[in-house]
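For reference, the structure discussed in these notes is given below.
The values are calculated or read from the model by the stated rules, or taken from the named source; none is laboratory data. It should be emphasised that the depicted structure is a prediction, and the values quoted were computed from it without experimental measurement. Here Cβ is always computed from backbone atoms with ideal geometry, including for glycine, and neighbour counts include all displayed protein chains.
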Amino acid sequence: MMTTQQVPWRVPMSIGDVPEGALRVELEADEPTCRAVAEAAGVNEIAQLKACFDLARRGRNGLHVVGTVSALVGQLCVVSLEPVVNQVEEAIDLVFGPDTAVETSARSLDIAIDATDPPEPLVNGVVDLGAIATEFLILGIDPYPRKAGAAFVAPPDEETAGQAFAALATLKRSPSTD
């Protein structure tokens, strides 16, 4: 998880700003934010970055965040080293609860194998939608992007390479006709 200083896109949302029904939040990153997220993600560029969230209260102190993050990500093809742009779209579904719920759950020694994940911490009643979008985007980026049609051709194995050098040695030994 990124530390507060590492988060290039910050959009804090207080649980108090979410009505009892639900709240839809649509975000679009500006150019400086896209550059900062691209640097954090280790890619050449992010041409477009959007996120859409549906926030719903979960009890008195909890929050359910569902949505998607999408981006156009510029990288280098791992085969040809040519630029390639990929569309990334990641689904988001997180539950947040007060800090104490996470601490209590973490201290529990008796954990059932089929237990659901404990809620993420809702620190001081605030969730950062920009940080969530950034983390899920980074998880969705292809670590080995490949340009359409790019194919890796394996180098010849040692046996074949030895035959090539044997052919060169034969050429070297043959008398010159100059």
Fill in the blank from the handout: The residue from V37, V79 that alone is over 16 Å from the mean Cα position of the chain (by Cα), crowded, with 16+ Cβ neighbours inside 10 Å, of a type in the set (V, I, T) and outside any strand (DSSP E or B) is V79
Practice task
Find all pairs meeting these conditions: Cβ atoms under 6 angstrom apart; at least six residues apart or on different chains; first residue within the range 69-93 and more than 28 Å from E120 (Cβ to Cβ) and in contact (Cβ under 8 Å) with a residue 40 or more places away in the chain; second residue assigned to a strand (DSSP E or B) and among the aliphatic types (A, V, I, L, M).
Solution key: Q75/V84; C77/V84
Practice task
With the condition kept exactly as written, say whether any residue in the range 41-56 is loosely packed, with under 12 Cβ neighbours inside 10 Å and farther than 17 Å from L122 by Cα.
Solution key: yes
Exercise for the section: Give the residues of the range 114-156 that are in a loop (DSSP other than H, G, I, E, B) and farther than 28 Å from N86 by Cβ, sorted by residue number. Expected result: D114, A115, T116, D117, P118, P119, N124, G125, P156
Practice task
Could you check, for the range 78-85, whether at least one of its residues is modelled with pLDDT under 90, of a type in the set (S, T, N, Q) and more than 30 Å from A151 (Cα to Cα)?
Solution key: no
Problem - Qualifying positions in the range 34-57 - touching a residue at least 40 places away in the same chain (Cβ under 8 Å) and out of contact with any Cys (no Cβ under 6 Å at 6 or more places or on another chain) - result: V37, A40, A41, V43, A51, F53, L55, R57
Exercise for the section: Determine the pairs where a residue that is closer than 12 Å to L76 by Cα and without any contact (Cβ under 8 Å) to a residue 24 or more places away in the chain, located within the range 128-155, has a partner that is crowded, with 18+ Cβ neighbours inside 10 Å and not charged (D, E, K, R) with Cβ atoms under 7 Å apart, the partner being 6 or more residues away or on another chain. Expected result: none
Practice task
Go over the candidates T68, T116 one by one and state the one that is over 19 Å from A36 (Cα atoms), at pLDDT 95 or above and of a type in the set (S, T, N, Q).
Solution key: T68
Problem - Residue count, the range 15-30 (criterion: touching a residue at least 60 places away in the same chain (Cβ under 8 Å) and exposed (fewer than 14 other Cβ atoms within 10 Å of the Cβ)) - result: 1
Practice task
For the range 22-34, enumerate the residues that are part of a helix (DSSP H, G or I) and acidic (D, E).
Solution key: E31
